[in-house]
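Data first, discussion second: the structure below is written as structure tokens.
The values are calculated or read from the model by the stated rules, or taken from the named source; none is laboratory data. Everything numeric in this text was worked out from a predicted model, so none of it was measured. Here the Cβ positions follow ideal geometry from the backbone for every residue, glycine too, while neighbour counts run over all protein chains shown.
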Amino acid sequence: MKKQVVVALALAITSFSFSQKKELKTAEKAIKNNNYAEAKALLGQVSGMLPSMDQDLKAKYHYLMAAALYANGAAKDADIKSAFESLTKVEGDYQSESAELKNTMLQTFLTKGNDAYESKDFSAASKLFENAYRVSPSDTLYLYNSAIMAVSVKEYDRALDIYNELKDLGYTGEQMQYFATNKETGEEEAFGDKSMRDVSVKSGQYIKPIDKKSESNYAEIVKNIALIYIQKGDKEQALVSMAEARASNPDDLNLLISEANLHLQLGNKEEFKTLLQEATQRDPKNAELQFNLGVISQESGDVESAKKYYNKAIELDPNFNNAYINMAVLLLEREQSIIEEMNSLGSSAADNRRYDALKDERTALFNSAIPYLERALKNDPDNFDAAKTLMNIYSAIGETAKYKEMKAKVEAMGN
């Protein structure tokens, strides 16, 4: 009697398994015929049988469900997310089919994403590049690009989630880049990969091969997280997120600068200045840091410090045009108060002597600003403001020939 029960049970299991295979085969046929809604319905009917399926049938079920949900690229966001989840469950058999489907999905997302980007539909492009990452998690650059595009269309909540995910992944974006110098032009050129560079060097057309690691994007990611919190009105969380990043990477100069800029955004100018001073101690040859210290010193009325920092920036980078412009502006700021005092004087002998002294001071002030403006114009010949200011100065100090030359230049600019 017991033997008969066992045989009957075995027959029932065989029948049940046959039913599962039949349903899956029918769903597979529906997918091949592009009947995705029918396939989803059929697979939904057998989902309750999953616990009793063997591993091969489970693999087939999850693969077919992913294909049905994806619907050859016509799926909506929710179905695409479910398709990704199904693909992660494919084991054993159907892994090759699953890999093929993933590749198809990836190419579709990238093609559509690039098309959306080219048409400036950054919201759609961001979602498509995120999908590309979800189907190919090793390609974290897609996720990084998705975050950038989400920010550009002010989808801050989504961008914040992605940036936090990138931070948790430890994404830096660092890549090894391959360069060599073109013998004919003397210019250093980048190559797509090491083998291409090495072949070019062996050909004799290139020399001096060198490998360089690209800069890390980690500080940029943390900075953007903080800036998004500011956009959302959560200044406290912005500072917390930056402090956490600094604590985990205390020697990262870019993070230090990002924290300084965050304080500037929040109006904490003293903290900004303190952090920038720390940054210049770590990187004393950074002209931009010196320039920024000049700006903050100028804004706070510390004229002598501003002069020192601007001149240091110029010393480090003789082509730093904004440093020349700001230095000239700083020197000319005194003119307004000189003019006001001159206009307030009477006609007494003492007033006349004071007037002459102020006139000499104004001329000296103009002469001190001229070299900075001339160099700024040399660096940037189309700088209208520098040219017009020089024209006015030459007129004021009686440099008639230079005034006429600069006047012609200003008129030629047509501003």
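Figure legend. Inter-residue proximity from the stretch 46-59: first residues in the same structural domain as Ser98 (by TED's automatic domain parsing), second residues in a loop (DSSP other than H, G, I, E, B), beta-carbon distance below 6 Å, spacing 6+ or different chains. Indicated pairs: Gln55/Gly92; Asp56/Asp93; Ala59/Val90; Ala59/Glu91; Ala59/Gly92; Ala59/Asp93; Ala59/Tyr94. Filter the stretch 91-146 down to the residues that are aliphatic (A, V, I, L, M) and farther than 19 Å from Asp79 by Cα and list them by number. Of everything in the stretch 91-146, those that are aliphatic (A, V, I, L, M) and farther than 19 Å from Asp79 by Cα turn out to be Ala116, Leu141, Leu143. The one condition from (1) modelled with pLDDT under 90; (2) hydrophobic (A, V, I, L, M, F, W, C); (3) surrounded by 16 or more Cβ atoms within 10 Å (Cβ to Cβ) that Leu266 does not meet is (3). Of the residues making up the stretch 309-349, those that are of a type in the set (D, E, K, R) and either touching a strand residue (DSSP E or B) at 6+ places or on another chain (Cβ under 8 Å) or within 20 Å of Ile370 (Cβ to Cβ) (or both) number 4. When the stretch 59-79 is filtered for residues that are assigned to a helix (DSSP H, G or I) and either surrounded by fewer than 21 Cβ atoms within 10 Å (Cβ to Cβ) or touching a Cys at 6+ places or on another chain (Cβ under 8 Å) (or both), the ones remaining, listed by number, are Ala59, Ala71, Asn72, Gly73, Asp77, Ala78, Asp79. Of everything listed in (1) farther than 25 Å from Ser152 by Cβ; (2) in contact with a Lys or Arg (Cβ under 8 Å, 6 or more places away or on another chain); (3) surrounded by 15 or more Cβ atoms within 10 Å (Cβ to Cβ), the single unmet condition for Gln205 is (3). How many of the residues making up the stretch 82-97 are part of a loop (DSSP other than H, G, I, E, B) and over 32 Å from the mean Cα position of the chain (by Cα)? Qualifying residue count, the stretch 82-97: 6.
Tell me, yes or no, whether the stretch 16-27 has at least one residue that is at pLDDT below 90, within 27 Å of Thr111 (Cβ to Cβ) and either charged (D, E, K, R) or surrounded by 20 or more Cβ atoms within 10 Å (Cβ to Cβ) (or both). Scanning the stretch 16-27 turns up no residue that is at pLDDT below 90, within 27 Å of Thr111 (Cβ to Cβ) and either charged (D, E, K, R) or surrounded by 20 or more Cβ atoms within 10 Å (Cβ to Cβ) (or both). In the set Glu278, Glu304, Glu271, only one residue is part of a helix (DSSP H, G or I), out of contact with any Leu (no Cβ under 9 Å at 6 or more places or on another chain), surrounded by fewer than 21 Cβ atoms within 10 Å (Cβ to Cβ) and of a type in the set (D, E, K, R); that residue is Glu304. Looking at Tyr355, is it part of a helix (DSSP H, G or I), more than 36 Å from the chain's Cα centre (by Cα) and surrounded by 13 or more Cβ atoms within 10 Å (Cβ to Cβ)? For Tyr355, the condition - part of a helix (DSSP H, G or I), more than 36 Å from the chain's Cα centre (by Cα) and surrounded by 13 or more Cβ atoms within 10 Å (Cβ to Cβ) - is met.
Would you check if Ile325 is within 25 Å of Pro381 (Cα to Cα), buried (at least 18 other Cβ atoms within 10 Å of the Cβ), in contact (Cβ under 8 Å) with a residue 12 or more places away in the chain and outside the structural domain of Ala376 (by TED's automatic domain parsing)? In short, no.
Within the stretch 375-396, the set of residues being in a helix (DSSP H, G or I), without any contact (Cβ under 8 Å) to a residue 40 or more places away in the chain and surrounded by fewer than 18 Cβ atoms within 10 Å (Cβ to Cβ) comprises Lys378, Phe384, Lys388, Asn392, Ser395, Ala396. Residues that are under 21 Å from the mean Cα position of the chain (by Cα) and in a loop (DSSP other than H, G, I, E, B) within the stretch 201-230 comprise Ser214, Glu215, Ser216, Asn217, listed in sequence order. Here Gln177 passes the criteria (1) modelled with pLDDT under 95; (2) surrounded by fewer than 16 Cβ atoms within 10 Å (Cβ to Cβ); (3) not hydroxyl-bearing (Ser, Thr, Tyr) except the one numbered (2). A single entry from Ile314, Ile339 fulfils the requirement of being crowded, with 18+ Cβ neighbours inside 10 Å and of a type in the set (A, V, I, L, M, F, W, C): Ile314. Please verify whether Gly233 is part of a loop (DSSP other than H, G, I, E, B) and either hydrophobic (A, V, I, L, M, F, W, C) or under 29 Å from Leu166 (Cβ atoms) (or both), treating the condition exactly as stated. So Gly233 fits the description; yes. Of the residues Tyr133, Tyr206, Tyr171, Tyr229, the single one that is touching a residue at least 24 places away in the same chain (Cβ under 8 Å) and under 28 Å from Glu85 (Cα atoms) is Tyr171. Filtered by the rule that a residue be within 24 Å of the chain's Cα centre (by Cα), under 19 Å from Tyr324 (Cα atoms) and not polar (S, T, N, Q), the stretch 273-288 gives Ala287, Glu288.
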